[in-house]
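Notes to accompany the following structure.
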Amino acid sequence: MIDFDIPADLAALRDEIRAFVNDKVVPYESDPRLTRHGPDDGLRAELVELAREAGLLTFQAPKRFGGREPSHREQAVLFEAAGWSTLGPVALNCAAPDEGNMFLLGKVANTEQVEQFLLPVIDGHQRSVFAMTEPGGAGSDPNQLNTTAEFDGTDYVINGHKWLITGAHGARTWIIMARIAPNPHGGDGPTLFLCEGDTAGIELERVMNTMDRNYVEGHGVVRLTDLRLPASAVLGEVGQALRYAQLRLAPARLTHCMRWLGAASRAQSIAIKHARERTAFGKPIGEHQGVSFMIADNEIALQQCRLAIWWACWTLDMGDRGTGRHESSMVKAYVSEELFKVADRCVQILGGIGISDETPVGMIFSDMRAFRLYDGPTEVHKYAIARQVLR
């Protein structure tokens, strides 16, 4: 039997998060510190303190780290509420890439690494990055990893070029993917490393100008030059970076979908209000068939996306059914495309105001276009889905 009821305690927390985002966070959407490179670290810190005061900061963290440890299905409800504003996840400390990095570190990091690199992120005192993507190298295909790590038996010396590294400017906790060269001292292959962002050898060349503006400090281009790290900097096991990346990505794809479902629902609510109040040709525009059909299409899409997310989350919660990689790929591909259509229709309903900063809908639209590429473009997911089906 399938039960779609939301338990009372979960509904209460959802409503508390939605009210916090609506009352405390939404007013910051016009703050000048929300720049073309996303909210700056000062704005993030101020928002984080609001969530801390409200007792909602990093609610998704494991209980052993002071969080509420919701299941994936419970996260679907709560992250949607957080996403009502694109700044909501930033304030609540459940935004990418920190949310996915916290999940990975909670699964793989040892005790010392947890203390140094994970707990400060959970507490909202520092940010993190996942440095994998490279110009001409690792991206949708991480096997093309070009960044190298030479091991001399004591230290690893890392060299490479990374880009689209979200939040690189000012982040303290760095997870770096590099390929360890064959050596006589130990294992080799793609490996994850942990270090502080101010370690010698890490150079932020620039922050890229991109169409999205919801990630703290935007996306950086980073040069790694003779970055020397001790053997203790290895995260997990040598040679297991690609497996760990998938461990991180399956749930991270879904939390992206959850947050953007909240933003798309916000855009729909603004479009509905406008359709009720704006008149043209003798009546409110919502009474014209062209506009009413767009509103209906949006409502259908939002609910279908919600149900798809819940299904994939159920699969993850039933851990014996697999990793959720196949299911999360299907949902990411479907939801990212459908929510972009929702945002596009909302811009159309709003007309001229929809392409302005008078409402957040224009920003949601451009951010939603970028979402179709986050954690793998639709085409890569479809390719993986087809391979699974054809086996």
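Every number in this text was worked out from the coordinates using simple rules, so none of it is lab data. As the structure is a computational prediction, the values presented were derived from the model and not from experiment. Cβ sites come from the backbone with ideal geometry, for glycine too, and all protein chains shown count toward neighbours.
Of note:
- The per residue volume of the convex hull around the alpha-carbon atoms of the range 1-137 is 152 Å³.
- With the Kirkwood sum run over all distinct C-alpha pairs, the range 128-239 has a hydrodynamic radius of 14.0 Å.
- Within the listed set K341, K283, K107, the Gaussian network model of the chain (springs between alpha-carbon atoms below 10 Å) gives the highest mean-square fluctuation for K283.
- For the range 242-390, the Kirkwood hydrodynamic radius from C-alpha pairs, put into Stokes-Einstein at 25 °C and a viscosity of 0.890 mPa s, yields a diffusion coefficient of 151 µm² per second.
- Protection proxy ranking, highest mean first, for peptides 133-140, 108-115: 133-140, 108-115, where packing is the per-residue count of other beta-carbon atoms within 10 Å, averaged.
- Peptides 5-14, 254-263 ordered by average Cβ neighbours within 10 Å, highest first: 254-263, 5-14
- The chain: angle of helix 98-108 to the longest principal axis, Cα-based, in degrees nearest 10: 40
- Remark: for residue pairs K24/K273; K24/K382; K107/K341; K341/K382, the C-alpha separation exceeds 27 Å in K24/K382; K107/K341.
- The charge dipole of the range 8-95, taken about its Cα centre with unit charges on the Cβ atoms of Lys, Arg (+1), Asp and Glu (-1) only, comes to about 260 debye.
- Taking the range 128-239 and dividing mean pair separation by its residue count, relative contact order in percent (alpha carbons under 8 Å, at least six apart): 31
- On Cα atoms only, tilt of 8-20 relative to the major axis of the chain in degrees: 90
- When you filter the GluC sites (Glu not before Pro) in the range 249-355 for DSSP loop state and at most 16 other Cβ atoms inside 10 Å of their Cβ, nothing is left.
- A P(r) calculated from all alpha carbon pairs of the chain, with 20 Å bins opening at zero, reads 28, 58, 14, 1, 0 percent.
- Helical contribution to [θ] at 222 nm, DSSP H n ≥ 4, -39,500 (n - 2.57), averaged over the chain, rounded to 500: -14500 deg cm²/dmol
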